[in-house]
Each structure stands twice: as structure tokens, then as C-alpha cells.
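In what follows, a structure is listed as C-alpha cells, so that the remarks can point back to it.
The values are calculated or read from the model by the stated rules, or taken from the named source; none is laboratory data. What you are looking at is a predicted structure, and each value in this text was computed from that prediction instead of being measured. A quick note on method: Cβ atoms are made from the backbone with ideal geometry, for glycine too, and the neighbour counts reach across all protein chains shown. Note: accessible area is taken over every heavy atom of the protein model, side chains too, but ligands, DNA and RNA are not part of it. Shrake-Rupley method; radii C 1.70, N 1.55, O 1.52, S 1.80 Å.
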Amino acid sequence: QVQLVESGGGVVQAGGSLRLSCAASERTLSRYKMGWFRQAPGKEREFVASISRSGGSTYLPESVKGRFTVSRDNVKNTVYLQMNSLRPEDTAVYFCAASTWGSADNVASYEYWGQGTQVTVSS
């Protein structure tokens, strides 16, 4: 069982930056593909980024590509989401998740989830 804990959320003005962290209890985090998702009130959970087990491959949707980057440090058992040029529409609870199978952008592919961290972007 992998326990994931997100941190780094907060309130930021439009155009600002935040860096989210996801710390894992699992010493062998490299076993898992990792993903970031977000969920705004009244909306479905939305894929934000994924990173392969080694960190050599990342995948981000067009909505955040060029503004967000995902990285990982398997020694520190931590995954990061650097968010730049934030917009009010980026406001949501952000979740990290771990997966051993399936499509990187599919919520159903992820077996383990953190509790989420709130990101609020003011205009």
C-alpha cells in the first residue's frame, strides 16, 4: 500500500507560480508511474500530468503544456509539479496518484491517491 501526501498548495495571483510536492511512503517509488490530477467544484477529475517510472518520459495535456512541468526524485520518493503562469481556471484541488498499469491520463489506471492540496488562483 502506497501512501501519498501532497503539499505546496496555496493562494496565488494570476501569472504566479507554485510547486506542488507529492511524498510517498513507498521506498521503491520507481515501481510506479505517477500522475497529477485536479478537480474543481462541480467538475470531474481532470488529468494534469504524468511521469514514467524512471522520469524519462512525461505527458501533459494541451491545457497545461508549456506552463506546467512534472518531475520526480526516486531517491527522495517525491514527485513534483511545477506550475507557472497560473490562471484562475487552474483553481482546483490537486491530487497525485500512483499507477502500475493502464493509460497515463486515465483516472481508473491509478491505484493509489493522495488526499489533495488546494490551489487557488486569484484574478
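Of the set (1) crowded, with 16+ Cβ neighbours inside 10 Å; (2) modelled with pLDDT under 95, all apply to Leu18 but (2). Taking every residue in segment 78-92 that is under 18 Å from Ile51 (Cα atoms) and assigned to a strand (DSSP E or B) and pairing it with any residue that is small (Gly, Ala, Ser) and open to solvent by 10 Å² or more (accessible area, probe 1.4 Å), at least 6 positions away or on another chain, the pairs with Cβ-Cβ distances below 6 Å are Thr78/Ser21; Thr78/Ala23; Tyr80/Ser21; Tyr80/Ser71.
In segment 59-70, the condition of being among the acidic types (Asp, Glu), modelled with pLDDT of 95 or more and part of a loop (DSSP other than H, G, I, E, B) is met by at least one residue.
Results for (1) farther than 16 Å from Val119 by Cα; (2) touching a residue at least 60 places away in the same chain (Cβ under 8 Å); (3) of a type in the set (Ser, Thr, Tyr), shown as yes or no for each residue.
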site	(1), (2), (3)
Lys33	yes, yes, no
Phe47	no, yes, no
Ser50	yes, no, yes
Ser54	yes, no, yes
Glu62	yes, no, no
Arg67	no, no, no
Asn74	yes, no, no
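Here Ala98 meets the list (1) in a loop (DSSP other than H, G, I, E, B); (2) open to solvent by less than 20 Å² (accessible area, probe 1.4 Å) almost entirely, failing just condition (1). Only a single criterion out of (1) in a loop (DSSP other than H, G, I, E, B); (2) within 21 Å of Val12 (Cα to Cα); (3) of a type outside the set (A, V, I, L, M, F, W, C); (4) in contact (Cβ under 8 Å) with a residue 12 or more places away in the chain is not satisfied by Pro41, namely (4). Looking across Asp105, Asp90, one residue alone is surrounded by 13 or more Cβ atoms within 10 Å (Cβ to Cβ) and at pLDDT below 95. It is Asp105.
Pairing each residue of segment 1-28 that is at positive phi with any residue that is open to solvent by less than 50 Å² (accessible area, probe 1.4 Å) and in a loop (DSSP other than H, G, I, E, B), provided the two are 6+ apart or on different chains, yields C-beta distances under 7 Å for Gly15/Leu86.
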